[in-house]
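A short worksheet on the structure shown next.
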Amino acid sequence: MNGSLFFNSLMVGWLALAVATFSALLYVAAPYGRHIRSGWGPTIDHRLGWMIMEAPAALVFAACLAVGTHTNTVTPWVFAGLWEAHYVHRAFIYPWNLRSAGKRMPIAVGLLALVFNSTNAYLNGRHLFMLSAGYSLEWLGDPRFLVGLAVFLSGYVINRQADHTLRQLRQPGENDYKIPQGGLYRWVSCPNYLGEIVEWTGWAVLTWSLPGLAFAVWTFANLAPRAHANHRWYRAHLPGYPSARKALVPGLW
């Protein structure tokens, strides 16, 4: 099997797995954070777990850039800058800013996320920097890039602002959950997840690639069911939770 055939076969399987994952997560919430439960084996400090499972996304993508053959214009480096802006923060900054001392996550969950992030970074990096026809400088003026960039940056800002709001709910050493207020939390329970879905939808448009589309599908498949599970948990466990809030999309769902 040559490299292109392997890549294309992996893409087909990857999209099929996203659909299966979405279906499973509608019924079973991934066991970390507020949904952690016994029966998932040994656990690890959740900050360390976050770093281990998110770091491959930054490192594998950077490795693809380093060995890539289509990196002789500024455009691939713009792609890399956008990707790494998200994942360097997510892997090496975000975990150590969490105010949830003593929390754990199952090692199995971290390993599954590590496999996902490694595969996803490989598919996107290999396509952009090796298998595509290459992206010229003119691509930065293409309407698909400009629209996708605007969507990506909007999602990035929404995600970061929502994470900041959650962090400010707790004082150092606190672990309890509180009702978030302000920003998009006025309308939905999980604007952090909404931001990521918007962000990677923008990525799919600005790269105009099948791996980018697959990433957007995977992001929705992972986070839409998670948002719904979190929304149910908030309403069940936090008295006075605003009844008008939706899970993910203001006014709709």
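Shape call for the stretch 1-123 from the C-alpha gyration tensor, a ≥ b ≥ c root eigenvalues: rounded (a/c under 1.5), prolate (a/b greater than b/c) or oblate? Oblate is the answer for the stretch 1-123, as a/c is 1.5 or above yet b/c matches or exceeds a/b. Look at 51, 105 and count the other Cβ atoms within 10 Å of each Cβ; fewest to most, that gives 51, 105. Other residues with beta-carbon under 15 Å from the beta-carbon of residue 198 carry, at +1 per Lys or Arg and -1 per Asp or Glu, a net charge of -2.
For 28, 188, 157, which order do you get if you count the other beta carbons within 10 Å of each Cβ and list the fewest first?
Result, fewest neighbours first: 28, 157, 188.
If you take the charge dipole of the stretch 142-253 about its Cα centre, with +1 on Lys and Arg Cβ and -1 on Asp and Glu Cβ, which of 147, 213, 236 is farthest toward its positive end? Of the options given, the answer is 236. Using C-alpha pairs below 8 Å separated by at least 6 residues, the relative contact order for the chain is 24 percent. In terms of its C-alpha gyration tensor, the chain comes out prolate, because a/c is 1.5 or above and the ratio a/b outweighs b/c.
Taking a ≥ b ≥ c as the square roots of the eigenvalues of the Cα gyration tensor, the stretch 51-176 is classed as oblate, since a/c reaches at least 1.5 and a/b does not exceed b/c. Fully extending the segment from residue 23 to residue 137, taken as 0.36 nm per residue of separation minus the present Cα-Cα distance, adds 37.0 nm. Taking 55, 66, 29 in turn, the Gaussian network model of the chain (Cα-Cα springs below 10 Å) assigns the largest fluctuation to 66. Counting other Cβ atoms within 10 Å as a rough exposure proxy, the listed residues 78, 67, 60 run 67, 78, 60 from fewest neighbours to most. Within the shell defined by Cβ-Cβ distances under 15 Å, the residues around residue 164 carry a net charge of +4, with Lys and Arg each +1 and Asp and Glu each -1. Over the stretch 142-253, Cα pairs under 8 Å with separation of 6+ residues give a relative contact order of 33 percent. Nearest 10 degrees, 0 to 90: what angle lies between the long axis of helix 74-92 and the longest principal axis of the chain (Cα atoms)? Tilt relative to the chain: about 30 degrees. Over the stretch 142-253, all Cα pairs binned in 5 Å intervals from 0 give whole-percent P(r) values of 2, 13, 19, 21, 18, 12, 8, 5, 2, 0, listed from short to long.
In this structure the amide hydrogen of residue 104, modeled in the peptide plane, comes within under 5 Å of the amide hydrogens of 46, none closer than 5 places in sequence on its chain.
Annotation for the stretch 1-37 versus the stretch 158-204: alpha-carbon center distance of 24 Å.
Read-outs throughout are calculated quantities, based only on the coordinates presented, and are distinct from any laboratory measurement. The structure displayed is predicted, hence computed values, not measured ones. Note that we place each Cβ from the backbone using ideal geometry, even for glycine, and neighbour counts take in every protein chain shown.
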